[in-house]
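Here the structure comes first, spelled out in structure tokens, and everything after it is commentary.
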Amino acid sequence: MDPMELVHSGKVRDIYADGDDLILVASDRVSVYDVILPTPIPDKGKILTQLSLWWFEQVADLVPNHVISGTAVPAEFAGRAIRVRRLEMLPVEAIARGYLAGSGLTEYRKSGTVSGVPLPPGLLESSRLPEPIFTPTTKADLGLHDEAITFDGLAGTIGADASARVRDLTLEIYRRGAEIAARAGILVADTKFEFGRAPDGTIVLADEILTPDSSRFWPADGWQPGRAQHGLDKQIVRDWATSSGWDKQEPAPEVPAEIVEATRQLYVEVYERLTGRRWA
């Protein structure tokens, strides 16, 4: 295989083969409702990459990850790429929820459950759950929608042992991340992880973790159950997309400049608050 052969292009990331390794490149693309918008968010890919590298360090004692190097990458991708090891990726979005929001809220209002997990009656929008829950979804191909599945459904796909390991790791990483974020005044309402198998069968954390793209972040000082929260994530883009009249199907409309800049500023704010580092 030739060096730097493009092997996959996703909603946000492009994956290149480089010898025995892979180069994971985060673009400035943004997607909502599983559709890529035509307008990029400047610096977004670099912020996601540097924040993920920081988080991988924070949870390194909990789970092995796929990172080989955050700097040994081609010069044209400097700052926005990670050199990683190859894994057999598991076909699941491993989602942890600590608060009731999004699709979880919709299901709860219909059935009192989220991904088949029963919850107490009387919870409000944005309520803190009694304890974090694991609510996996399928990992859909580009242009298709992820679908919620139960734990038993996941076990039927990847096996009972792997499912239990993914569930336990997802909740452990979420708890660690939520604790760290809380010290920065940020609530992690929910977040998703991706895992793969190493050649020896070990479950390994991959992709990105605890970023504004993979998580629903809320300012702790403004949290109030019973209503939607101000999101420190790409919720501002989702809100614009919802109010624009767009039917959530391709092609998506251009994003206004003020929404682009406001979104970029939120990404920078989250990075700086979580890491304690200034975004240069």
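Per-residue Karplus couplings for segment 48-64, computed as 6.51 cos²θ - 1.76 cosθ + 1.60 with θ equal to phi - 60°, are listed in order as 4, 5, 5, 5, 4, 4, 5, 5, 4, 5, 5, 10, 4, 7, 8, 7, x Hz, Gly and Pro entered as x.
What is the diffusion coefficient of segment 38-170 in µm²/s, taking the Kirkwood radius over Cα pairs and the Stokes-Einstein relation at 37 °C with a viscosity of 0.692 mPa s?
This corresponds to a translational diffusion coefficient of 190 µm²/s.
With a Förster radius of 22 Å applied to the C-beta separation of Ala160 and Glu88, the computed FRET efficiency comes to 0.80. Here is how the number arises for the chain: DSSP H runs of 4 or more residues each give -39500 (n - 2.57), the sum is divided by the residue count, and the result at 222 nm is -10000 deg cm²/dmol.
Would you please put 265-278, 39-52 in order of how densely packed they are, using the mean number of other Cβ atoms within 10 angstrom per residue and starting with the highest?
Most protected by this proxy first, the peptides run 39-52, 265-278.
Classify segment 99-217 as rounded, prolate or oblate, taking a ≥ b ≥ c as the square roots of the eigenvalues of its Cα gyration tensor: rounded when a/c is under 1.5, otherwise prolate if a/b is larger than b/c and oblate if not. Because a/c hits 1.5 or more and a/b fails to exceed b/c, segment 99-217 counts as oblate. Taking R0 as 25 Å, what's the FRET efficiency between Ala198 and Asp34 from their Cβ-Cβ distance, rounded to 0.05? Calculated transfer efficiency: 0.30. Scalar couplings 3J(HN,Hα) for segment 16-24, obtained by applying the Karplus form with A = 6.51, B = -1.76, C = 1.60 to θ = phi - 60°, are 10, 8, 9, x, 7, 9, 10, 10, 9 Hz; x denotes Gly and Pro. Tell me whether the chain comes out rounded, prolate or oblate; compute the Cα gyration tensor, take square roots of the eigenvalues as a ≥ b ≥ c, and use a/c under 1.5 as the rounded threshold. Rounded.
Every number here is computed from the coordinates shown, using simple stated rules; none is lab data. Quick caveat, the model's predicted, so the values are computed rather than measured. Virtual Cβ from ideal backbone geometry, glycine too; neighbours counted across all protein chains shown.
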